[in-house]
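The numbers here are math on the coordinates, done by the rules we state, and not lab data. Not measured: the values here are computed from a predicted model. Heads up, the Cβs are rebuilt from the backbone with ideal geometry, glycines too, and the neighbour counts pull from every protein chain shown.
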Amino acid sequence: MKITLIAGARPNFMKIAPMITAIKRLNSESTLSYRLVHTGQHYDDKLSKVFFEELEIPEPDVNLGAGSGSQAEQTARIMVEFEKDLIKNPTDLVVVVGDVNSTMACTIVAKKLNTKVAHVEGGIRSWDMTMPEEINRMATDALADYFFTTSKVANNNLKNTGVSEDRIFFVGNTMIDSLLKNLTKLRKPNVWQEKGLSDHHYFVLTLHRPANVDDLQKFKTMIQAIDGSVGMPVVFPVHPRTRKNFDLLNYTPQFVTPTDSLSYLEFIYLIKNAKGVITDSGGIQEETTVLGVPCLTLRNNTERPETVNVGTNEMIGEDTVALKKALENLKAGKWKKGGIPELWDGRAAERIINILKTLK
Ligand code: UD1
């Protein structure tokens, strides 16, 4: 069987890396061959190249060079380029991961060319249609043939939309495969020395969702609330889209230090040793759960409920009073311990590849 793996944006890279490793390890009889397509949705070295290097992902067979743009422009560019590529390089199965624009765009193209699609991380839902990712999830899952899921909740979401059980495989979380594999390779980022950080005496902040950073007043209110209540350093690795807006705030916080985007090994080092993490990311809710680090999520909903029900995550929403209260509790040592969600054991990619080998 020939498969085409799609990767486009930063959070995709840690999901495909363990699948490539598993193909190499479990496929001695070479029944499975793969081609790696990078859509070029993320193109900065700090959002793409460094992840390929650190996660030892081979060079993609092609980079479609889609780049940035509005939601429609970016999605359309990925579709146009991937259609040409797939016609030239037919495959038995396109494997998409996560919920970024590349995930949805390549799914639509593949299905219109009568090519089967497997969605890794299928079935998760925030039920929040203002998130571009939720639209990507729903469109991808409406079309995909096979679903590799991270939770039983995701299985149920799929079943409730009429997907038959024989197309759903609960395998665990490939992002956690990467996390567990790399724990011995973590590296202190430069900001550690620069800010004189020490274990459990700093926070990590990430914010990049349009809902949190595109409205400058809202963004500033949130940063001010954090700065006013943490009482210890806050390292804020800034996504390029957030950087532009942060500079426009015209505000120099006392505790919050913005830094460039960090590499994977540096970022995980930082969150692993932090007092807590404040974020609006999806993947970081999962990583903090497995690391047992308190996570305060500045969103009103999550597509990853197991990080709240089982893990260390709490939904804070956009309420600065709730944020201050949560920070007080955390600093007073009142935070749940959390456990590890089922099958988040570092072997999800192996399970996926073993299942793919049985598909006709
Ligand atoms: C995308 C994903 C989001 C994911 C995030 C992780 C979608 C809809 N969103 O959001 O789910 O959590 O990646 O980072 O797919 N930019 C650069 N360099 C780059 C890429 C982007 O400077 O390499 C800037 C550009 O100004 C661009 C903006 O960031 O317009 C947004 O990039 P885009 O790919 O549209 O979405 P992300 O916010 O990165």
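General observations
- Positive minus negative residues near Gly67 (Lys, Arg vs Asp, Glu; Cβ under 12 Å): -2
- The 3J(HN,Hα) values that the Karplus relation (6.51, -1.76, 1.60; θ = phi - 60°) gives for the range 153-170 are, in residue order, 4, 5, 4, 5, 4, 5, 4, 5, 9, x, 6, 6, 4, 6, 9, 10, 10, 7 Hz. Gly and Pro appear as x.
- Pairwise centroid distance, computed over Cα atoms, of the range 204-279 with the range 47-89, Å: 28 Å
- Sorting the segments 67-74, 121-128 by their mean number of nearby beta carbons within 10 angstrom, highest to lowest, gives 121-128, 67-74.
- Cα-Cα over 31 Å, subset of Lys84/Lys272; Lys15/Lys275; Lys2/Lys188; Lys218/Lys336; Lys15/Lys337: Lys84/Lys272; Lys2/Lys188
- Here the extension length gained between Ser33 and Ala211 equals 60.1 nm, from 0.36 nm per residue of separation less the Cα-Cα distance.
- Modelled this way, with points 7 Å down the Cα-to-C-beta line, the labels at Lys88 and Asp345 are 4.3 nm from one another.
- The fewest-to-most ranking of Arg137, Arg241 by surrounding Cβ atoms within 10 Å reads Arg241, Arg137.
- Projecting label points 7 angstrom from Cα along Cα→Cβ for Lys116 and Val321 puts them 5.5 nm apart.
- Fully extended contour minus Cα-Cα distance, from Thr252 to Thr221, at 0.36 nm per residue: 9.9 nm
- With a simple spin-label model that places each label point 7 Å from the Cα along the Cα-to-Cβ direction, the separation between Lys337 and Ala76 comes to 5.5 nm.
- Note on the chain: Rg/Rh from Cα positions, Kirkwood definition for Rh, rounded to two decimals, is 0.96.
- Mean sequence separation of contacting Cα pairs (under 8 Å, at least six apart), scaled by the length of the chain, corresponds to a relative contact order of 17 percent.
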